[in-house]
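See structure below.
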Amino acid sequence: MRPLKIAVLISGNGSNLQALLDDTNGDPHLHITLVISNNADAYGLQRATQAGVATMVVSHKDYSTRDAFDNALHKALTEHKIDLVCLAGFMRLLTPAFVERWRQRMLNIHPSLLPAYKGLNTHARVLADGQKTTGCTVHYVVADMDAGPIIAQANVAVHEDDTAHSLQQRVHEAEHRLYPQALRKAAAALPSSQS
Ligand code: GRF
């Protein structure tokens, strides 16, 4: 049985990518095969190279439509025989057609306890609402943003003196623990014909 081939899609720093690389390093069953960024300057590309993982830049600026961009992503993923896709700070919305092609095979991590606080600026909104608890969620990607079936969540307490920045840092630490666990859970749930 060959290892499951995983692609990670990023746009920036890639600290969640790093957590996934560290967790799967040397694993005979899970292999991060490809890292794709839509942004050539993403620091996560350096993390991937350092870990010996192939990288690709697929810039949305090179495609006139979202369909064309998503087709280029799909081509790269199928050429590398990818089984599972992890979005990790990938800042592009994907078309319903692309999402359907990767249904049950594409995960995303979001910095809130979904279904609360979908979208951007989650930490500032959590603080403005006076919430005592927030957290992070890994979910399957569906056409609606941040709305897919939840795979795993972790709670993070909100402190009285938290700023959006301090809260983001603690949620990020929780993300780095959660994403590898959720990836393993999703990998175990894949149909056996793919592994
Ligand atoms: C994380 O907070 C993740 O939840 C969100 O984007 C951020 C990516 O951070 N989707 P990093 O690039 O993994 O450091």
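Bear in mind that the values in this text are calculations on the coordinates, not laboratory data. Keep in mind it's a predicted model, so treat the numbers as computed, not measured. Cβ: placed from backbone, ideal geometry, glycine included. Neighbour counts: every protein chain shown.
Listed here are the residues, each with its yes/no results for (1) over 14 Å from the mean Cα position of the chain (by Cα); (2) not β-branched (Val, Ile, Thr).
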{"site": "Leu114", "(1), (2)": "yes, yes"}
{"site": "Lys118", "(1), (2)": "yes, yes"}
{"site": "Gly130", "(1), (2)": "yes, yes"}
{"site": "Thr133", "(1), (2)": "yes, no"}
{"site": "Arg170", "(1), (2)": "yes, yes"}
{"site": "Glu173", "(1), (2)": "yes, yes"}
{"site": "His176", "(1), (2)": "no, yes"}
{"site": "Leu190", "(1), (2)": "yes, yes"}
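Every residue, every condition in (1) within 20 Å of Leu178 (Cβ to Cβ); (2) within 15 Å of the chain's Cα centre (by Cα); (3) surrounded by 13 or more Cβ atoms within 10 Å (Cβ to Cβ); (4) of a type outside the set (Gly, Ala, Ser), yes or no:
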site	(1), (2), (3), (4)
Arg2	no, no, no, yes
Leu21	yes, yes, yes, yes
Ser37	no, yes, yes, no
Ala42	no, yes, yes, no
Gln50	no, no, no, yes
Arg66	no, no, yes, yes
Ala76	no, no, yes, no
Leu84	yes, yes, yes, yes
Q: Give the number of residues within region 89-102 that are within 16 Å of the ligand (Cβ to nearest atom), hydrophobic (A, V, I, L, M, F, W, C) and either buried (at least 21 other Cβ atoms within 10 Å of the Cβ) or over 14 Å from the mean Cα position of the chain (by Cα) (or both).
A: 2
(Q) Regarding region 106-115, can at least one residue be identified that is surrounded by fewer than 16 Cβ atoms within 10 Å (Cβ to Cβ) and over 20 Å from Ser59 (Cβ atoms)? (A) yes
Q: Within region 4-43, track down each residue that is within 14 Å of the ligand (Cβ to nearest atom) and of a type in the set (D, E, K, R).
A: Asp22, Asp23, Asp41
Q) Any idea how many residues of region 60-88 are of a type in the set (Gly, Ala, Ser), touching a residue at least 40 places away in the same chain (Cβ under 8 Å) and more than 16 Å from the ligand (Cβ to nearest atom)? A) 1
Q. Regarding Met91, is this residue under 21 Å from Lys185 (Cα atoms), in contact (Cβ under 8 Å) with a residue 40 or more places away in the chain and part of a loop (DSSP other than H, G, I, E, B)?
A. no
Q.
For region 165-195, which positions are surrounded by fewer than 21 Cβ atoms within 10 Å (Cβ to Cβ) and within 12 Å of the ligand (Cβ to nearest atom)?
A. Gln168, Gln169, Arg170, His172, Glu173, Ala174, His176
Q. If you scan region 103-117, which residues turn out to be within 13 Å of the ligand (Cβ to nearest atom) and closer than 30 Å to Pro191 by Cα?
A. Leu107, Asn108, Ile109, His110, Pro111, Ser112, Leu113, Leu114
Q. Taking only pairs six or more apart or across chains, which ones have beta-carbon atoms under 7 Å, a first residue in region 33-50 that is in contact (Cβ under 8 Å) with a residue 24 or more places away in the chain and closer than 12 Å to Leu20 by Cα, and a second residue that is crowded, with 18+ Cβ neighbours inside 10 Å and of a type in the set (D, E, K, R)?
A. Thr33/Lys5
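Among the residues of region 118-146 satisfying the criterion of being of a type in the set (Gly, Ala, Ser) and more than 14 Å from the ligand (Cβ to nearest atom), which is surrounded by the most Cβ atoms within 10 Å (Cβ to Cβ)?
Taking region 118-146 as the starting set, the residues that turn out to be of a type in the set (Gly, Ala, Ser) are 119, 124, 128, 130, 135, 143.
With the extra rule that they be more than 14 Å from the ligand (Cβ to nearest atom), the set shrinks to 128, 130, 143.
Working: Ala128: 10, Gly130: 7, Ala143: 15.
Per the criteria, the residue is Ala143.
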